[in-house]
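Notes to accompany the following structure.
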């Protein structure tokens, strides 16, 4: 029997991975530990390795496929194993397990059970799975009546009831949506459709399929901006004290970045404003005890947000070390899932690109993000009203108004400004 | 505006009995310890002094005898009102009630009738254990020729009692031990609450709760609690289980799309099954958004232990839980 190679479960909550590319072809000889394909979660890219020596046999998924974890993605022939007998063995082994009733219904409807996804224990195919594959829709009587009255195809309505059952209210929602966009016909879901090639070169343009990290970015940002009502608050801070600190360190041959300062300052202010150190998932708001601060890092194509965990417990020095280490790993594409998970707040700094100030979209399920511009020299009035030249920096807080009240956000910004202008407060 | 007069459920019944006896000399009471002692729950207290031992008759301990005497008297033109001390003991009257009282009018082609009322307290909650706590109403619901009434308030108790005595058919009148001391508005002048008129006790948009007897009050308390969460229960009391007026129930389910039936009697073979079936077979079916659920007594004899007794039958918190799950789409 050939060795099945499965999609690994890289992280505790990981449910599926997308195959980015295959590094081997069927028939290739591999050694234990050789990378055989590259996969991506919605956060990081990783490689799947050959578990032992052998020959690649039967690649079951193609690049671009999203595969549930622990699913077999290909087989490995052991030395002396013959391809033909191996194929037969696999077929026998992987024949779908189904209840007798499910099997009978499938047979009488000439349905291939291999095409049916089982929902029973260990993926066993149940009667409901076969019925679903045959197009039977679970719906309440109320949903059926409304669908019949208004000529709605229940198969096209997204069910929100128990186990995906279509409720009458779902049909009403579909009707309301149809009324809102009369021109757009309900698009039939077609999961059998072949994905188009990833890149198509035309005379006038180059078309790239939205996938992988770009797709994740697109989905997350769209969802965030559409579902979270954003409020934006600006403040300008006097960077004199930080500039002085940086100059002192520079004279000692050490480096302190504005990003590191901001992460430490945010952690300090978040400790005093827990309303912003929160995540919103479903109907639950979690207020986190530690400030796990994500920092947006631009990549060649896209971006990634590694997380500085427990930033409130770290010294500025430790944060600077961590910022440098994670940024380097990010650019090399070597971040682990743990290093990009668990963030409770995000800082995004575009000062180094010369941006004065900007607004950022919240990184869900977090409820706030701080967008930081560049440090500029500007004249500000002193106590007597005479202009004096000072380094200033403008930052903009975006907050999810469902969870964060305006006053919460304002208090946070005030604390943040105070600690940046008086860094000795960090010891408080 | 004058303050509304309040009576307990037991007082309302007593006043109703007294008024019926004053109006019509054919009306008499018969039962165990209903005279000098005033009844095990005091419903007939003082009536023997008012009407004498000929019209408030204490009997030996024979429930078959009480039922049989009622039937015989009714057949000969009287309007007897019998009392069974605890509903549990009506089991001893079953032959008289099922084979005689229920059948006579049909078997004699309408030439004879049995205009009797048999009162009895059912239900648990008093620590009276398995032989004094049963809810056997559905035994009678299953018998053609009997009517079954279950008042849940003092007002309904008095009005339904009058309707039952005026009716020419045998009526099983099921009271509840826990309700006897509950108070409510009861007018002094005689009035009728017609049989077979289901009542919407509280209006609400999200879930129809059909409850009987003591469960009506519990359903109303549950409705109060859930209203704070924005869940609106519509509480319906059939009041007469047979013949059942199901139209208001069906109308309600058409509105809410969800139904829960609550009674104290054991769920298996209980009245709730009938209500569920009526809903499922009606035009309300096309409006259902969730399975129709029942909440009823466990399929065990009522335990003596008070804690176990409490958990044997639906309580306010179990109604709240079940209603919440139904409305939130967890079924």
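Just so you know, all these numbers are worked out from the coordinates, no wet-lab data involved. Predicted model only: the values in this text are computed from it and were never measured. Note: ideal-geometry Cβ built from the backbone for every residue, glycine included; neighbour counts use all protein chains shown.
If R0 equals 56 Å, the separation of the Cβ atoms of residue A:405 and residue B:251 corresponds to a calculated FRET efficiency of about 0.80. With Cα atoms as the point set, chain A shows a radius of gyration and Dmax of 27.5, 92 Å. Note on chain B: with a GNM built from Cα contacts shorter than 10 Å, the maximum mean-square fluctuation among B:151, B:115, B:303 falls on B:303. Note on segment A:141-180: Cα-only Rg and Dmax are 9.0, 28 Å.
Full extension of the segment from residue A:377 to residue A:62, taken as 0.36 nm per residue of separation minus the current Cα-Cα distance, would add 108.0 nm. Note on residue A:252 and residue A:214: the model spin-label points, each 7 Å out from Cα along the C-beta direction, lie 4.6 nm apart. Between residue A:34 and residue B:192, the simple spin-label model (points 7 angstrom out along Cα→Cβ) gives 9.6 nm.
Sorting A:57, A:202 on the 10 Å Cβ count, fewest up front, what's the list?
Working: A:57 21, A:202 7.
Ascending Cβ contact count within 10 Å gives the list A:202, A:57.
Inter-chain neighbour count for A:156-162: the average number of beta-carbon atoms from partner chains within 10 Å of each residue's beta-carbon is 2. For the peptide B:58-71, the mean number of other protein chain Cβ atoms found within 10 angstrom of a residue's Cβ is 0. Starting from the Cα gyration tensor of segment B:199-327, take the square roots of the eigenvalues, sort them a ≥ b ≥ c, and report rounded, prolate or oblate (rounded when a/c is under 1.5, otherwise prolate if a/b is larger than b/c, else oblate). Judged from the Cα gyration tensor, segment B:199-327 comes out oblate (a/c at least 1.5, b/c at or above a/b). Taking a quarter of the surface of the Cα convex hull of chain B gives a mean projected area of 17.4 nm².
Taking B:163, B:277, B:64 as the candidate residues, the one with maximal mean-square fluctuation in a Gaussian network model of chain B, Cα springs under 10 Å, is B:277.
Shielding by partners for peptide B:288-294, expressed as the average number of C-beta atoms from other protein chains within 10 Å of each residue's C-beta, is 4.
Taking neighbour counts of Cβ atoms within 10 Å as a proxy for exposure, in what order, fewest first, do A:345, B:41 appear? Could the numbers behind the result be given before it?
Working: A:345 28, B:41 18.
In order of increasing Cβ crowding within 10 Å: B:41, A:345.
Assuming a ≥ b ≥ c are the square roots of the Cα gyration tensor eigenvalues, decide whether segment B:1-133 counts as rounded (a/c under 1.5), prolate (otherwise, with a/b larger than b/c) or oblate. It is oblate, given that a/c is not under 1.5 and a/b is not larger than b/c.
Indicate the gyration tensor shape class of segment A:3-93 (rounded, prolate or oblate), computed on the Cα atoms with a ≥ b ≥ c the square roots of the eigenvalues: a/c under 1.5 is rounded; otherwise a/b larger than b/c is prolate and the rest oblate.
Details: a/c = 2.11, a/b = 1.68, b/c = 1.25.
Since a/c reaches 1.5 and a/b is larger than b/c, the shape of segment A:3-93 is classed as prolate.
Between residue A:136 and residue B:129, the FRET efficiency estimated from the beta carbon spacing at R0 = 45 angstrom works out to 0.35.
Full extension of the chain between residue A:180 and residue A:16 gives 55.6 nm of extra length, using 0.36 nm per residue less the Cα-Cα distance. Among B:203-215, B:236-248, A:300-312, the peptide with the highest mean count of other Cβ atoms within 10 Å heads the list, and the full ranking is B:203-215, B:236-248, A:300-312.
Helix A:240-251 and the longest principal axis of the C-alpha atoms of chain A enclose an angle of approximately 80°. Once the protein assembly as shown is represented by equal point scatterers at the alpha-carbon sites, with solvent omitted, what log10 I(q)/I(0) does the Debye formula produce at q = 0.04, 0.05, 0.09 Å⁻¹? Debye intensities relative to I(0), on a log10 scale: -0.33, -0.49, -0.97. For segment A:213-427, the spherically averaged projection of the C-alpha convex hull amounts to 12.5 nm².
Legend: P(r) of segment A:302-427 from all alpha carbon pair distances, 10 Å bins from 0, whole percents, reading 11, 33, 39, 14, 3, 0.
Provide the percentage of antiparallel DSSP beta bridges, counting only those with both residues in the protein assembly as shown; round to the nearest 5. Let's see the in-between values first.
Details: 64 of 105 bridges.
If I count the DSSP bridges inside the protein assembly as shown, around 60 percent turn out antiparallel.
To the nearest ten degrees, helix A:258-272 and the longest principal axis of the Cα atoms of chain A are 90 degrees apart.
A crude spin-label estimate for the pair residue B:22 and residue A:117, with each label 7 Å from Cα along the Cβ direction, gives 7.6 nm.
Structure remark: mean-square fluctuation, Gaussian network model of chain B, C-alpha springs under 10 Å; the largest value among B:201, B:266, B:186 belongs to B:201. To the nearest ten degrees, helix B:316-327 and the longest principal axis of the Cα atoms of chain B are 40 degrees apart. Evaluate the relative contact order of segment B:49-141 (contact order divided by residue number), counting alpha-carbon pairs under 8 angstrom at least 6 apart; express in whole percent. The normalised contact order for segment B:49-141 reaches 31 percent.
Could you give the length gained on full extension between residue A:232 and residue A:149, defined as 0.36 nm per residue of separation minus the Cα-Cα distance, in nm? Present the calculation step by step, with values, prior to reporting the outcome.
Working: separation 83, 0.36 × 83 = 29.88 nm, distance 4.60 nm.
Once the chain is fully extended between residue A:232 and residue A:149, it gains 25.3 nm.
Which whole-number percentage describes the relative contact order of segment A:26-147, with Cα contacts under 8 Å and a sequence gap of 6 or more? Provide the component values of the computation, followed by the final result.
Numbers: 136 pairs, mean separation 18.3, N = 122.
Normalised by residue count, the contact order of segment A:26-147 is 15 percent.
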